[in-house]
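Written out below as structure tokens is the structure these notes cover.
The values are calculated or read from the model by the stated rules, or taken from the named source; none is laboratory data. Just so it is clear, the structure is predicted and the values come from calculations on it, not from any experiment. All Cβ positions, glycine included, derive from the backbone under ideal geometry; neighbour counts span all protein chains shown.
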């Protein structure tokens with residue numbers, strides 16, 4: 001369903017134009033239109049914002065492009081813990097500063113927390129002030145946008161890559177350089193994954 005909606009919404013725009021606005025490759029966007037792949041929650045929100053429609057409309061849950069489908073189920077809440085840097089690592093605040101609603105399906109599928117993002121190293125996908133929903137897990141696949149703890153107190157959000165040589169934390173914004181930690185530094189500092197980003201909440 002999302003592929004048909006994207007083709008309709010794109011209209012006279014080229015796939016290259018849309019892909020450039022989203023900061024992704026044309027091939028990746030083309031896969032969404034053909035149904036070979038689906039956007040993750042962060043890019044789904046970006047698509048909805050770009051086209052001026054709701055995520056429910058893109059997913060075919062409603063025919064109204066400007067109104068989210070009413071949720072009939074109750075909502076569960078997860079804690080918002082301080083903030084996380086999209087830039088240089090900052091001291092991670094563990095205090096609960098608020099709570100945010102998630103669906104019962106998400107709440108029942110694991111342990112989650114939320115963090116407010118400061119900085120722009122993950123722009124345009126994740127911007128300063130966004131709230132990211134994080135699934136707690138110590139291991140993630142390479143290329144996954146993750147929250148990583150450094151020195152036991154500094155947290156940052158980056159794309160995570162691990163190898164025998166060490167760990168690379170890669171920003172999306174080309175103005176920032178990747179962070180690299182050798183295998184020895186990973187063990188000594190340490191460098192550890194707190195979880196992977198599974199959803200983005202953006203205020204307007």
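What to note about this one:
- Against the list (1) buried (at least 19 other Cβ atoms within 10 Å of the Cβ); (2) at pLDDT 85 or above, the condition residue 50 fails is (1).
- Test: residue 28 is surrounded by fewer than 20 Cβ atoms within 10 Å (Cβ to Cβ) and modelled with pLDDT of 85 or more: yes
- Counting the residues of the stretch 135-149 that are in contact with a strand residue (DSSP E or B) (Cβ under 7 Å, 6 or more places away or on another chain), more than 22 Å from residue 103 (Cα to Cα) and not in a strand (DSSP E or B) gives 5.
- For the stretch 94-134, filtering for residues that are touching a strand residue (DSSP E or B) at 6+ places or on another chain (Cβ under 9 Å), more than 19 Å from residue 77 (Cα to Cα) and part of a loop (DSSP other than H, G, I, E, B) leaves 8.
- Residue check for residue 160: at pLDDT 90 or above, over 25 Å from residue 55 (Cα atoms) and surrounded by fewer than 16 Cβ atoms within 10 Å (Cβ to Cβ): no
- Spans of helices (runs of 4 or more DSSP H) in the stretch 1-71 with at least 3 residues in contact (Cβ under 8 Å) with a residue 24 or more places away in the chain: 2-10, 15-22, 26-34, 41-51
- Of the strands (runs of 3 or more DSSP E) that lie entirely inside the stretch 150-204, those containing 2 or more residues that are in contact (Cβ under 8 Å) with a residue 40 or more places away in the chain and more than 16 Å from residue 115 (Cα to Cα) span 191-201.
- Of the residues screened, residue 128 is not one that is over 13 Å from the mean Cα position of the chain (by Cα) and either within 23 Å of residue 49 (Cβ to Cβ) or surrounded by fewer than 19 Cβ atoms within 10 Å (Cβ to Cβ) (or both).
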